[in-house]
Structures are given as structure tokens and as C-alpha cells.
Amino acid sequence: MAESFSTSFINMVSCLLVISSIFNQGADCLQRFDKQPVYSEVNPGEDIKLDCKIFNKKGSCSWQKDNKPVGIYLKKYEWAGSESDGDCSLWVRAATLEFDDGEWECQVTASDFTTQDALTSTPVRLVVRVAPQRPRIEFRSAQLLPGHNVTGRAGERAAVKCVSRYGNPPARIKWFVGDEDVTSASRQSDAPETDNPRTAAAASLLEILLDKDRHGQTLRCVALHESYPTKSLSVEARLDVTYPPEVRLIGAPNGDLEEGSPVVLRCVTDANPPASVVWRRAGRTDIASLEESLQFRPVTRKDSATYTCQAKNTLGASEPITVYLDVKYPPQIKSVGKDRLTTATLFSQVAFECDADANPTPTFQWLQRVGPDAVLVRSRESRLVLANVSYDHQGEYVCRVTNLIAGTERPVQSEAITIQVVGAPQVVREEVEVIAARGSDATLRMVVCADPRPNTASWEWGSLQLKAGEGIGKYQAEELKQDGREDCYEARLYVREVEPSDSRSYFLLVKNERGIDKHWVRLVVRGSYTEPISMMTLVSAASGCLLVFILCVLCAVYCVRTEKCCFSRRGDFKPTDLESEKSDIDSMTGRKTPRIEASVLHGQHNGPGEAMYCSTPTRRLAPPHSTPHLITGSSGSPEAMKVRLAAMVLQPPTRV
């Protein structure tokens, strides 16, 4: 059964193969296109071949243009190959737009009227190229001449059109802003020309966002066409983006601006159309400048102010920008008072004002000249007030004013003014104690200031008075001598070979026509040597004393140790021996000594001498035959026992 099924299947497959072979042979008998014509372009006057090849061709070849048959004409339309071989290709000689541009079809008649295998190719376009006109840009329905502007306000969208006319095929249009390709933002449309339908006009519409950054850039339209000698032609326009002004400041000082320096402030504007600039000074209604730059050559302290720059154009005004000029200048002292010489009464008050102009604010110092190269700061304010004038305040004063510009001090000093103090004498309270060694000479000095000069001066102590220029005994008072300061004098009292009795207070009494003053200085006499003991001597003496003390201590320690050893070898008396004697006395009176009882009870007994006097642990044991000798109360009275024991104590122990 399986064999019959296999045989039937093989027979059926064989039949199908035969039928298929027969069908294919019938199909291969029909003619069909092996190659159809395709879209082609040709330049005017050039030849072009339209390909058309037929497989198993039986019918006749023919061509149609724009649905009309085309004949075969020598030097115009010619067969390109052997028609009998199925090649129906056609040469179009010296192509022209008028005759050859259009829709072409390749056709083949049927093999016979019963087969119905006639062929017609898909219509294809043969384009006879025509170079389009140069492209042009249109904006707001008007043509822009080359190099003209596309004007619009920043933020708006501008619709710009590029047109290329009378081209076949229509030109392909591209857009560029600067070097940026913006074709993707455009839309191109082609339309046949009304007066020449075989050509077309290409129009591309570009919508571009006008931005301030694109102001002044080039907008370029490029038409691409194979008929152009350079394959493309372009036209350009300039983007004119308008916007209100913006300003920025250049030249503002970034450090200290010193008087006399040149300053140029520039108000740089960014605007389209161009803007006008106005400089104003704060606090004034007039205009400082209408130029872009505001110049100060040089700048002075009067130019210190706030300046504002603002720009305007037809679209609006910028935000004002402000700069502050702070002109620095060193101090300039205007006045320190009307008089260069001021006379002040002692203990009165005087004041001076140092009027100075400076920027930045300066510091003040009132300096009193107290020596050739020394000054004393009397005040750190612009105003100097001396509330209680003394002769110390007499002299020359200057006002020193300082400020800091660019990290450098700029000091200036006024002319000197002089204070003259008049009044009663004033003894300067300086040295209050003079120390002198006994037997030496002492000099007591005091300074007194007075204007007018003192007419009398004297030293007083105890009941004595010694005028200047006089002497008595070992005391000598000198005349007043001019001190280093003006109107000040030095008084001196010499005391020769001073003694402790000279230790006291000495008073200087000074008078002039305006008053009197008195003050003291104390003389202290110390020691009995005219020359002080040197430190080296004191150190040497202290070292010697310390050495002697150490030697004494060492000797004492040595003696004590030596004596103690002697007593130990001799078994000398110890405090414990006295206790033993007391115990014996107690036993004589009928009282037992705990120590002795304990010894007896335990069968231990030493010799009488050792039991009484030896307190050391190295006691010799008694011979075995010895018997204890107990002291009883029948031996005698307590007084007699004491006498006996006293002798025993003073004697060395008896050795057995």
C-alpha cells in the first residue's frame, strides 16, 4: 500500500512539472520591456538617447511625445540600435526646448491582433535645460537691490522671498545667514511661467527671527542649476536689525584717583539706529557732555561728583549708568590760628584749631618741639586744648596732617606757632630723693621755671636758710643757671662729706614779681663706706660663710657617730636599764616586776650584771649550773636598796 502511494505522488509531481514547463514556454513567447526610458535632462543643442529595449520583440517600435506620435527623421530623431534585436532606443539630435521638451513614451505594437501584447512605457520627462534668470530677493513685496538691507526690529520675524524665474527645470534655492545654512526654515514652490509655460519660476520663502546678534550679517540666496556656468548664482542682502540702545562704561577708575591725573570716561553704546549720548552731573540741571566720552584733563577736586550716562534713539532710551569720581588730594592746611605767638598766663587755658582740607579724611597731630630732634605729641585731634597751662607747655607747636592715597602717606606740616607762658615761679616736681653714701659729697638739683625770671631763690632746711650764690660750712648754694628749656633755671645745693644727720628734706623757695613757689627734695645718707661694696665681694663672703657652716655640720655628725659606737662596745647604760632598776626596787617593796617575773617563769636568767645593764640582744647565757638569785624584801629597807643600786648603776657589770 505504501509503494502504491509513493508511485502516485511521483506521477502527480511529474505532471505538474510538465504543465509548468508548457506555461512558461507560452509566457516566454510574449514580448515585454527589458529597459524603459527614464527622466533625462539635456542642454540645448546637445544630443540625448532615450533608452527602450524589448524582450522577445515581435511588434513595431514607436515613440510618443506629449501624447502625440513622433516620426523618424534624419538628424533629428533616429533609432539608436537594431530594432530587430529589440532595441527601440531613440536619439534626439540637437535638442530644443520648443520641440523636444516634454513627456516621452516608448510603444510597441502587438505580436498579432489576437495576442494583445502591445507595450507602452511609463511617460518620462525629457527636459531641455534653460538657465533661469539670476535670483532676486523680495522683502515686503518689493525687490531688494543687491547690497540693500532687510530691516526689522529685534524680536520680530521677517518673511523674505527669493525668486528665480524662467528656468527649466526650476532652480533649487538655498538660504544662508553668514555661513549658516538656514534652508530648513524655508519653503520652495515652483510654478510655470504664464508667458512661457515650458519654463518655471522657483520661489523660496524664508521666515527668519531677527535678533540683535544677527545685525549686520549677510543674508544670501543661492540658486542651483546645471545650466549656470558655475552651477549656481547668488544674491545678497544685509540684515538691518533695529533695537533700543544699551550702554557700558569704559575708563572708570579702579583705584584711588588723585588730583592732577587725566580721566576719560567713555559711554559705549550699542544701538540701531545709532543713539545720542548725554552725560549729566548729579545735582545739576545742565548737561555735562553730549559726546560719547567725558574727559577731565586733568581732574581736580571740584570734579568729585556722580556722573550719569544715558543713550537714546528712535526706539527708546537705555538704562542710565552711573559712575562716581572721588578725587583724592593731599592735605592742605588753611589755618592754625591768627597769631604766630600766643602769651598765656600760668594755669590758664589756651586752644588752637587746625583747619585742613583733604580727601580722604586726614589724621591730625599737634606736636611740641621739646629738643633739637625730639617732639611731644600733645593732641591727636584737629583742636588742641591746653586746659591748665604750665611752663612745660611753653615752646613751638606745629600741626601735622596726614592722609593715605594709593597706599602712600601724604603728610603736611603747618608753620610753627609759639606759646609764651608768664606767671609765678613753678618748681618742677621731678627728683624727690637723693641717696648718698656716708662721707661722700651730695648734689641736690631742682629746676624752676618762671617768667619773669626769679628775683630770689633760697634753700631752707631746719632753721637754716641759704640764698643762691651763698655758702655756709659744708653747704654751698649755686646761682640759678639757665636750663635747656626757655624760662627754666637749675638750682643746685652742694653738701660735702655727708653724715647721717644730713638726711632730711631740703626746700627750694623761689620768688618773682608774680608769685612764689616752694618744693622739697630729700637727701638720704646710707652706710659707713664712701664706696659701695661690690657684688663680687658680697658673693665671695656669702660663699665662705656657707662653706664654714657645712664643715661644722660634718664635724658634728662625725663626733656623734664616733661617741655612739664607744658606748655600744662598753655596754653603757641605756634608758631600759633604768627601768630594770625600778623593777628591782618595786620587788624590794613587795611588788613584782613583770619583766623579771616573766623571766623566772620561763626559766631564763642571766647574770646579775647583764640583767640590769645590758639592753642589747647579744646577752651571754648563764652557765647551766647557776641558779637564779632573786631579790627579796628582807634584804633591807628601800632607801638602803636605792643606795646599793646606785652604786651598781655607776659600775660596769660584773662578768662571771
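Selection of the range 26-72 for residues being of a type in the set (K, R) and surrounded by 15 or more Cβ atoms within 10 Å (Cβ to Cβ) yields K35, K49, K53, K57, K58, K65. Can you confirm whether the range 73-80 contains a residue that is part of a loop (DSSP other than H, G, I, E, B), loosely packed, with under 14 Cβ neighbours inside 10 Å and in contact with a Leu (Cβ under 9 Å, 6 or more places away or on another chain)? Among the residues of the range 73-80, not one is part of a loop (DSSP other than H, G, I, E, B), loosely packed, with under 14 Cβ neighbours inside 10 Å and in contact with a Leu (Cβ under 9 Å, 6 or more places away or on another chain), which makes the answer no. Candidates Q476, Q426: the one that is within 60 Å of the chain's Cα centre (by Cα) and polar (S, T, N, Q) is Q426.
Every residue, every condition in (1) surrounded by fewer than 16 Cβ atoms within 10 Å (Cβ to Cβ); (2) modelled with pLDDT under 95, yes or no:
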site	(1), (2)
V385	yes, no
V401	no, no
P411	yes, no
V421	no, no
E433	yes, yes
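The combined condition, being in contact (Cβ under 8 Å) with a residue 60 or more places away in the chain, under 30 Å from N43 (Cβ atoms) and small (G, A, S), is fulfilled by S227.
Taken over the range 159-195, residues that are hydrophobic (A, V, I, L, M, F, W, C) and crowded, with 19+ Cβ neighbours inside 10 Å amount to 6.
Screening S390, S318, S335, S348 for residues that are under 44 Å from the mean Cα position of the chain (by Cα) and surrounded by fewer than 19 Cβ atoms within 10 Å (Cβ to Cβ) leaves exactly one candidate, S335.
Before we move on, is G395 touching a residue at least 40 places away in the same chain (Cβ under 8 Å), in contact with a Phe, Trp or Tyr (Cβ under 9 Å, 6 or more places away or on another chain) and at positive phi? The answer is no for G395.
Taking the range 268-354 as the region of interest, the strands (runs of 3 or more DSSP E) fully inside it that hold 2 or more residues being under 23 Å from I405 (Cα atoms) are 293-296, 305-313, 321-325, 327-335. Of all the residues in the range 41-66, those that are within 23 Å of P170 (Cβ to Cβ) and not hydrophobic (A, V, I, L, M, F, W, C) number 7.
Scanning the range 474-501 for residues that are of a type outside the set (K, R), touching a residue at least 24 places away in the same chain (Cβ under 8 Å) and assigned to a loop (DSSP other than H, G, I, E, B) yields L480, D483, G484, E486, D487, E497, V498, E499. Consider E433 carefully, then state whether it is out of contact with any Cys (no Cβ under 8 Å at 6 or more places or on another chain), under 30 Å from E396 (Cβ atoms) and among the acidic types (D, E). Spelling it out, it is not the case that E433 is out of contact with any Cys (no Cβ under 8 Å at 6 or more places or on another chain), under 30 Å from E396 (Cβ atoms) and among the acidic types (D, E). With respect to (1) touching a strand residue (DSSP E or B) at 6+ places or on another chain (Cβ under 8 Å); (2) farther than 30 Å from H215 by Cβ, the lone exception for A271 is condition (2). If I filter the range 509-530 for residues that are part of a helix (DSSP H, G or I), assigned by the TED database to the domain that holds T443 and farther than 30 Å from R369 by Cα, do I get at least one hit? No.
Quick one: in the range 124-150, which of the residues that are touching a residue at least 12 places away in the same chain (Cβ under 8 Å) and small (G, A, S) is nearest to T218 (Cα to Cα)? That would be G147. For the range 48-72, filtered to residues that are assigned to a strand (DSSP E or B) and not hydrophobic (A, V, I, L, M, F, W, C), the residue that is nearest to the chain's Cα centre (by Cα) is K49.
Among the residues of the range 321-347, which ones are free of Cβ contacts under 8 Å to residues at least 60 places away in the same chain and either outside the structural domain of P360 (by the TED database) or closer than 26 Å to T269 by Cβ (or both)?
Hits for the range 321-347 are T322, Y324.
The values are calculated or read from the model by the stated rules, or taken from the named source; none is laboratory data. Note that the structure is predicted; figures quoted are calculated from it, not measured. All Cβ positions, even for glycine, are placed from backbone atoms using ideal geometry, and neighbour counts span all protein chains on display.
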